[in-house]
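What follows is a set of notes on a single structure, which appears directly below.
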Amino acid sequence: MIRHFSYFAALSVAVTSAAPFSVETMPNPPGVDPQIGGIDVLPDGKVAAVFHRGELMIFDPVAKTWSRFAEGLQEPLGIIAESPSTFVVMQRAELTRIKDIDGDGRADDYETVFDGFGMTGNYHEFAFGPAKGPDGFYYIALNVGSNGAGVREEIRGQWSELGDLDRTRMVHDDQWGKRSVEAGRMYSRVPYRGWIMKVSPDGKTVVPYACGFRSPDGIGFDGDGQLLVTDNQGDWRGTSPLYTVKEGGFYGHPASLVWRDGWSKGDPRKLAVKELDDLRTKETARFPQGELANSPAQPVVFPASWGAYAGQTLLGEMNQNRMVRFLPDEVGGFRQGTLIPMFDGTSLGNGNHRLAFAPDGSLWVGKTHLSWAGAEGLVKITPAGLNSIFTVTSVHLEKAGNRQVMRIAFSQPVTGGLDGVKMDRFSYKYQEEYGSPKIDEEEVAIDKPVLAAGGREVLIGLKAKLGSIHHVDLTSLRNGGQSLEGAALYYQATELP
């Protein structure tokens, strides 16, 4: 039998709106810690969600009721619905397929798809995903361990001796605080911590896909089939980055290099910063810490029903009352681009961890905080009035003699405010220390912006700086009396045309 829960008036749905988006907070299932680790939407519009304490539950958005499908999962942080009765869930210890075979609405078969990665018992060894690629494979992301705690005596997988502390001295005891700095801020002493893994649906083919990650909570594919991964600020992360991930790449956090085939350079943390910098693939975009985002999360693609946003990538954000859009720009064969805040001024709140679009175009948001910044529960965002939205739809950096021009396209014509456009730029250090202050901050001298394409494009001449984030302030622009939705652009110039 499927168990349904009813609600008193005190748990009725709260509805707020800020055109062109309405935000609804759904009731939580009683008796369940309402921190959501993953969501997916079924063909009938019901929402499958996995919760922090191990429940897999189905939400009926019409009846506003929850039913329990499975329980006893270990810290699930992602889910894909293969069918209304079969789900693939990323638990801390394994990728699991969960099935209802007898049709009673409850799981009765749990199949291990993949568990061939190491575990030390360190609290920070989260596992994220899965994301399903165009090739049909599942992609998962594995956190590194943290020196906020050591390891357990019993581990799973091979132990790497590449580090200042051997396994015995890394066992967490009352002396760990004195030794922890020798472990490195984050470490990868068992396979494949800090890696993206590619797994066939039957689990028989597994590829260690890419390394160099710290805490890659967001993993997904964009509208072009490119694998996007967000990581979190910390050691070797001056600010939170977004990467376009390719097989075999190294993405900057050195701890996981020890599991690269043929690695022969010893403890990678001891390599010179310049050597690591030359070895890594640079960022597709960077989220200015505290200004745009603090903890970016899952990427998803806007469906066609979202009009001007269709095909673009939306990214969750855990610590601010917003999410972030990404607009790509291919420069010299490298995929970089622009980050733009979204849903500012709504009652969305923070904790925006897991995202999924429903067949009717509504956006479901699962929230969490894990005893840190964030929130909890399930939220529905419904678009309204998108046909008249005034927003940026693309940003491209082009060569113009010995300078560049930034070509910004809009969903509606720009009718005023060009004189108020401003630009500055800055960067962050690539370093072992936790985070980085802004560096190389300066105002950017720009040519007077010029309208093109019947007012639907603005061209800005400038001398761009390699590697910098170019912040463009478009708050002055108007379409009639309408201001711009998402008026702050953060363009990552990893390459110059």
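Read-outs: derived from the displayed coordinates by stated rules, not from any lab. These figures come from a predicted structure and were not determined experimentally. Cβ sites come from the backbone with ideal geometry, for glycine too, and all protein chains shown count toward neighbours.
Quick notes
- In whole percents, the pair-distance distribution calculated for region 392-492 from its alpha-carbon pairs, binned every 5 Å from zero, is 3, 12, 23, 23, 16, 10, 7, 4, 2, 0.
- In plain terms, if you count all Cα to Cα distances in the chain and split them into 20 Å steps from zero, the share in each step is 23, 54, 22, 1 percent.
- Amide N of region 390-424 lying under 18 Å from the label point, which is placed 7 angstrom from the Cα of Lys448 along Cα→Cβ: 406, 414-423
- Note that region 88-214, at 37 °C in a medium of 0.692 mPa s, gets a Stokes-Einstein diffusion coefficient of 209 µm²/s from its Kirkwood radius over C-alpha pairs.
- Vicinal HN-Hα couplings computed from phi for region 223-230 (Karplus, 6.51 cos²θ - 1.76 cosθ + 1.60; Hz; Gly/Pro x): x, 9, x, 8, 7, 10, 9, 9
- Arg237 long-range amide H proximity, modeled H, under 5 Å: Gln431, Gly435
- Relative contact order (percent, whole number), region 392-492, Cα cutoff 8 Å, 6+ residue spacing: 31 percent
- With all pairs of separate Cα atoms included, region 231-351 yields a Kirkwood hydrodynamic radius of 16.1 Å.
- Length-normalised contact order of the chain in % [C-alpha pairs under 8 Å, at least 6 apart]: 12 percent
- Spatial separation of Cα centroids for region 99-144 and region 229-280, in angstrom: 24 Å
- Among the lysines of region 18-387, pairs at least eight places apart or on separate chains and with Cα atoms under 21 Å apart come to 19.
- Modelled FRET efficiency - R0 25 Å, Asp108 with Thr382, Cβ distances, 0.05 increments: 0.10
- Summed over qualifying helices (DSSP H, 4 residues or more, each -39500 (n - 2.57)) and divided by its residue number, the chain shows a 222 nm mean residue ellipticity of -500 deg cm²/dmol.
- Placing a label point 7 Å from the Cα of Glu398 along the Cα-to-Cβ direction, the residues of region 414-433 whose backbone N falls under 19 Å from that point are 414.
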